[in-house]
Amino acid sequence: MSSTRTKLGIALVAVALVTVGLSAVWADIATPRPQWTMVRMESETVGITLGEKKVAVEATFNMYNEGKAGPVKMGYPVGLFETDLKDFVVTIDDKAIENVKTEAGVPATEGPMMRGNGQPESYRFEGPYKQWKVWEVAMEERAPKVIKLKYWVEPAKIKDAEKGDLLFYSYTLKTGATWKGKVNKAVVTVTLDGVTPDRIVRSLPVGAVASNAGKTLTWTMASFKPTDNIDITFRPSAAIKTAALTGRR
């Protein structure tokens, strides 16, 4: 990604973070102990249905434990301005789990992990995220595990100096970098739901393949450590603008 595009993306996120009513999403499962883990994210497939009132996400993560058998704590962050990921469901090898907890995610000290009470297993998730959806997975020795997630959120409402009121959605891949090694392959597909292609202001990073008359955008990445996010900015419909002015939802 060029320096110009990088600055553009940073500027867009900066605008989003100071906008009242923002509900940006931060994604990809993570581990709170990246320096210790022997678990790899071999691949991920993310399907995003983008609407102006609702953004639905379904993601599949193919994990592989290169170490000994044991429990592995996994987490999925709640966005900086969100209260919850709605209808959040986790399945492990196609079996739904019920022990998903919500934990505070702001580290009390700097660093990728915390050790408390003299116990090396006392750690917390890294990052600026105020909350995490957290669960534990029993990983067998040198064996795969398939994690699936499903939830929905509302897109963020932002203002642009030149283009006025806009809607913004971000799927952050960066938290997937906490696992061992590189991700072999990732495919992220965004399908527009009631949003016409001409209303897309920008999509980052560049390189998405458009299909279905521009109603589907697909990013395909291979052998990489996630550093970029999937960001989409689009214009709201006249109905949404009218509802915002009158205070209706």
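Okay, here's what the table says:
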item: Packing-based order for 63-74, 29-40, using average beta carbon neighbours within 10 Å, highest first; result: 29-40, 63-74
item: 3J(HN,Hα) from dihedral phi, segment 154-164, Karplus parametrisation 6.51/-1.76/1.60, rounded to Hz, x for glycine, proline; result: 9, x, 6, 10, 10, 10, 10, 4, 9, 9, x
item: Using θ = phi - 60° and Karplus 6.51 cos²θ - 1.76 cosθ + 1.60, couplings along segment 130-136 (whole Hz; Gly, Pro as x); result: 6, 9, 10, 7, 10, 8, 10
item: Distant-in-sequence amide H partners of GLU42 (H built 1.01 Å from N, under 5 Å); result: ASN62, MET63, TYR64
item: Qualifying GluC sites (Glu not before Pro) for segment 134-199 [loop in DSSP, other Cβ within 10 Å: at most 10]; result: GLU162
item: Gyration tensor verdict on segment 118-206 (Cα atoms; rounded if a/c is under 1.5, prolate if a/b is larger than b/c, oblate otherwise); result: prolate
item: Computed lengthening from THR49 to THR220, 0.36 nm per intervening residue step minus Cα-Cα distance; result: 59.9 nm
item: Whole-Hz ³J(HN,Hα) from phi, Karplus 6.51 cos²θ - 1.76 cosθ + 1.60, for segment 56-65, glycine and proline x; result: 9, 10, 10, 10, 10, 10, 9, 9, 9, 8
item: VAL90 long-range amide H proximity, modeled H, under 5 Å; result: ILE97
item: Relative packing of peptides 166-179, 145-158 - highest average C-beta neighbours within 10 Å first; result: 166-179, 145-158
item: Simple spin-label estimate for GLU140 and ILE97 in nanometres, 7 Å along Cα-Cβ; result: 1.6
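Every number in this text was worked out from the coordinates using simple rules, so none of it is lab data. A quick note: this is a predicted structure, and the numbers were derived from the prediction, not measured. Neighbour counts run over all protein chains shown; Cβ positions are idealised from the backbone, glycine included.
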